[in-house]
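Undergrad: One structure follows; several queries about it will come next.
The values are calculated or read from the model by the stated rules, or taken from the named source; none is laboratory data. What you are looking at is a predicted structure, and each value in this text was computed from that prediction instead of being measured. Counting neighbours? That spans all protein chains shown, and the Cβs are built from the backbone with ideal geometry, glycine included. Heavy atoms of the whole protein, side chains included, go into the accessibility calculation; ligands, DNA and RNA do not. Shrake-Rupley method; radii C 1.70, N 1.55, O 1.52, S 1.80 Å.
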Amino acid sequence: MEARLSQIPIHQIRTNPAALRQVNRNTEKFQELVKSVRTSGVLNAICVRELPDPEVPGQTVFGLVDGLHRYTAAKEAGLQEI
């Protein structure tokens, strides 16, 4: 398996529906993270794995492995890539 740093369009990332963690968007700490992402971007990488797109044969998407809060904050901050 190859590890690499890449910019990925947010719309190509899929969260894991079986994940135990959820993001409480109403907390002050999460809102501070969103503000930080708007100002400085995502400073720590998220971890994804490439998966076949179930909706488009032959295409790939990325399954989120680690970084749910950063990913969610990036989406809420309006970033197009992470």
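Undergrad: Simple spin-label model, 7 Å along Cα-to-Cβ: R49 to E76 in nm?
TA: Simple spin-label model gives 2.8 nm for this pair.
Undergrad: How big is D for region 16-64, in µm² s⁻¹ as a whole number, if Stokes-Einstein is applied with the Kirkwood radius of its Cα pairs at 25 °C and 0.890 mPa s?
TA: 183 µm²/s
Undergrad: Compute the distance in nm between two label points, each set 7 Å from the Cα along the Cα-to-Cβ direction, one at D66 and one at L5.
TA: Using points 7 Å along Cα→Cβ, the separation is 1.6 nm.
Undergrad: How large a share of the accessible area of the chain, in percent, is made up of carbon and sulfur atoms when the probe is 1.4 Å and the other protein chains stay in place?
TA: 49 percent
Undergrad: Rank F62, N26, T72 by how far each Cα sits towards the positive end of the charge dipole of the chain (+1 on Lys, Arg Cβ; -1 on Asp, Glu Cβ) and give me just the farthest.
TA: N26
Undergrad: Measuring with a 1.4 Å probe in the full set of protein chains, what accessible area per residue, in whole Å², belongs to region 1-64?
TA: Working: 5430 Å² over 64 residues.
Here the per-residue accessible area is 85 Å².
Undergrad: For the chain, what does the helix formula give at 222 nm: sum of -39500 (n - 2.57) over DSSP H segments with n ≥ 4, over the residue count, nearest 500 deg cm²/dmol?
TA: So the helix-based figure for the chain works out to -8500 deg cm²/dmol.
Undergrad: Relative contact order (percent) for the chain, with alpha-carbon contacts under 8 angstrom and 6 or more residues of separation?
TA: After rounding, I find 42 percent.
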